[in-house]
1. What does the charge dipole of the chain about its Cα centre add up to, to the nearest 20 debye, if the Cβ of each Lys and Arg holds +1 and the Cβ of each Asp and Glu holds -1?
2. Hey, what's the range 171-235 come to in accessible area per residue, 1.4 Å probe, Å²?
3. Put +1 on the Cβ of each Lys and Arg and -1 on the Cβ of each Asp and Glu in the chain; which of Tyr239, Ala31, Ile6 then has its Cα farthest toward the positive end of the dipole?
4. For the chain, list the DSSP H helices whose alpha carbon atoms reach 27 Å or more along the long axis and whose average Kyte-Doolittle value is -1.0 or above?
5. Given a 1.4 angstrom probe, what's the average accessible area per residue across the range 1-58, in square angstrom?
6. When the convex hull of the Cα atoms of the range 91-203 is projected onto a plane and the area is averaged over all directions, what value comes out in nm²?
7. What is the sum of charges around Asp7, taking Lys and Arg as +1, Asp and Glu as -1, for the other residues whose C-beta is under 13 Å from the C-beta of Asp7?
8. When the chain is fully extended, how far beyond the present Cα-Cα distance does Asp111 get from Gln124, taking 0.36 nm per residue of separation?
Amino acid sequence: MRFLGIDLGWHTGPTGVCCLQLTANGLSLMALDRLATHGDVLAWVMAQAPAPVPAMVAVDAPTIIPNPTGMRQPDRLAHQYFGKYHAGCYPANQASAFAPRLLAFSQALADQGFTHAPTLEPQQPGRYQIEFFPHPAMVHLFGLARIIKYKKGPIAQRRQELERLRSLILHHLPRHTPPLAVEDLPPIPQQGPALKAVEDQLDSMLCAYGAAHWWYWAHQRNQVLGSLETGYIVVPAPYDVRDYQPATVPLGGG
């Protein structure tokens, strides 16, 4: 089983991409990159997980937008449950300028056999796609009182927060189940454009891990905000130190 994380450019910006492979020892990092266009991303997906290879794609972008105006149900629920952590998401509707491109991207994944999976039986091979939002995931996976604020602000502050995110990934994800142990991650650059490139890649890694966590545990250790009809966001359930333990179910290969 492979898990692809996509920090999708909503308008015309680049996209961070990550591929994780499930092995008997946990998750291995297979690819971490940044691509220019949606077409490039779809070609990358096909290269990493050509049909019928079992894989799950987690996209950081609204991929189901049924509402003509206003806010989707998952957006409202994200604000309701995660607003206190400053982790509310950007609202989406069909009038949004980005909506046609994002819906077309999700449909292109569906054309490759990736079906939406707001409900799931754990550890069943298949080809799935989900919507994932890294900020609430970080709050729960890393036990944070607030999100890591690396998106806005002065370069020095963003760089410090991105260093913090990098350290948290290296510290926490090897201790979760399924474990993701990477020897190293890209260094945090000094300048703005290069900083944004690493930010996109780390976000995509969190998306890929979120896909693996959803596939492995399903509803036992995840929450779903919304539904297939309203749009949905998958969020890992809160962790604490008691959750850092070896897997109780054998890890499967793929």
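1. Roughly 560 debye, rounded to the nearest 20.
2. I get 34 Å² per residue for the range 171-235.
3. Value: Tyr239.
4. 192-217
5. Accessible area per residue: 36 Å².
6. 9.5 nm²
7. Computed value for this residue: -3.
8. The span from Asp111 to Gln124 would gain 2.6 nm if fully extended.
The values are calculated or read from the model by the stated rules, or taken from the named source; none is laboratory data. A quick note: this is a predicted structure, and the numbers were derived from the prediction, not measured. Here the Cβ is made from the backbone with ideal geometry for all residues, glycine too, and neighbour counts use every protein chain on show. Just so you know, the surface numbers come from the protein's heavy atoms only, side chains and all, with ligands and any DNA or RNA stripped out. Shrake-Rupley method; radii C 1.70, N 1.55, O 1.52, S 1.80 Å.
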